[in-house]
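Comments concern the structure below.
The values are calculated or read from the model by the stated rules, or taken from the named source; none is laboratory data. Here the structure is a predicted model, which is why all the values come from computation and not from measurement. Don't worry about glycine lacking a Cβ; one is built from the backbone with ideal geometry, like all the others, and counts go over all protein chains shown.
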Amino acid sequence: MPDLAVRPATSAAAPIAPPPPTAKQCRPAELAAELRIGIFRSARRLRAERGSADLPDHQYSVLGWLNMNGPLTPGALAEMQHVQPPSMTRTVNTLVELGLVQKAEHPTDGRQVVVSLTEAGVREVKETVRRRDEWLTGRLARLTPGERATLAAAARLMRGIAAS
């Protein structure tokens, strides 16, 4: 299978477009393998772009969930992250120590707490998103308009696949 990786332009000449995919490369099994590799490598590279706190993925993910959903209990966070509650309690306590989240009494259940982002946590999420967007924007700027149009169509398709 030909290398379809994006390469930085080495001169002022227009980049050479890869050949169109073969019928075999468009079969679901072969395409699935190529997409899986590309998606995982892209996601890994994007995750390497971090805010100033340089949080591990599992800690940053908690900040992301809180940013999207607002205050949550540690139990709800554990369920969303597919981890056991004691693991989430340790993660939340670490984030509290870092000043990125805070715990408050649950409004209706005195046995629980509610976790929310602090201003520093909000800044960390914004900075991480900014760095990730900046990295990806730089890579996309290297592509031709046609290649970016192809990726725009692929992005819509990937969202549909993820939603089903």
**Of residues in the stretch 117-130 being in contact with a Gly (Cβ under 7 Å, 6 or more places away or on another chain) and assigned to a helix (DSSP H, G or I), the one farthest from A43 (Cα to Cα)** = A120
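Please enumerate the residues belonging to the stretch 135-157 that are under 25 Å from G51 (Cβ atoms), part of a helix (DSSP H, G or I) and either among the β-branched types (V, I, T) or in contact (Cβ under 8 Å) with a residue 12 or more places away in the chain (or both). Walk me through it before giving the result.
So in the stretch 135-157, the residues under 25 Å from G51 (Cβ atoms) come out as 135-142, 155.
Right, trim to part of a helix (DSSP H, G or I) and you get 135-141, 155.
W135, L136, T137, R139 - these are the residues of the stretch 135-157 that are under 25 Å from G51 (Cβ atoms), part of a helix (DSSP H, G or I) and either among the β-branched types (V, I, T) or in contact (Cβ under 8 Å) with a residue 12 or more places away in the chain (or both).
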**Item:** Test: Q112 is in contact with a Ser or Thr (Cβ under 6 Å, 6 or more places away or on another chain) and surrounded by fewer than 17 Cβ atoms within 10 Å (Cβ to Cβ)
**Value:** yes
**Conditions (1) surrounded by 16 or more Cβ atoms within 10 Å (Cβ to Cβ); (2) modelled with pLDDT under 95: number failed by L55** = (2)
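For the stretch 19-34, state whether one or more residues are modelled with pLDDT under 95, of a type outside the set (A, V, I, L, M, F, W, C) and under 22 Å from the mean Cα position of the chain (by Cα). Full working, then the answer.
As a first pass, look at the stretch 19-34 and keep what is modelled with pLDDT under 95: 19-34.
With of a type outside the set (A, V, I, L, M, F, W, C) added as a condition, the list becomes 19-22, 24-25, 27-28, 30, 34.
The next check asks that each one be under 22 Å from the mean Cα position of the chain (by Cα); those that pass are 34.
Yes, that holds for at least one residue.
Just the residues that are within 20 Å of the chain's Cα centre (by Cα) and surrounded by 13 or more Cβ atoms within 10 Å (Cβ to Cβ), please, taken from the stretch 77-91.
Within the stretch 77-91, the first condition is being within 20 Å of the chain's Cα centre (by Cα), and the residues that meet it are 77-83, 88, 91.
Of everything in the stretch 77-91, those that are within 20 Å of the chain's Cα centre (by Cα) and surrounded by 13 or more Cβ atoms within 10 Å (Cβ to Cβ) turn out to be L77, A78, E79, M80, Q81, V83, M88, T91.
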**Request:** From the list L143, L66, L98, pick out the single residue that is under 21 Å from the mean Cα position of the chain (by Cα) and among the hydrophobic types (A, V, I, L, M, F, W, C).
**Result:** L66
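Every residue in the stretch 37-93 that is in contact with a strand residue (DSSP E or B) (Cβ under 8 Å, 6 or more places away or on another chain) and assigned to a helix (DSSP H, G or I), please. Break it down into steps so the answer makes sense when it comes.
If we filter the stretch 37-93 for residues that are in contact with a strand residue (DSSP E or B) (Cβ under 8 Å, 6 or more places away or on another chain), which is where we start, we get 62-63, 65-67, 70-74, 77, 80, 92.
Those that are in contact with a strand residue (DSSP E or B) (Cβ under 8 Å, 6 or more places away or on another chain) and assigned to a helix (DSSP H, G or I): V62, L63, W65, L66, N67, P74, L77, M80, V92.
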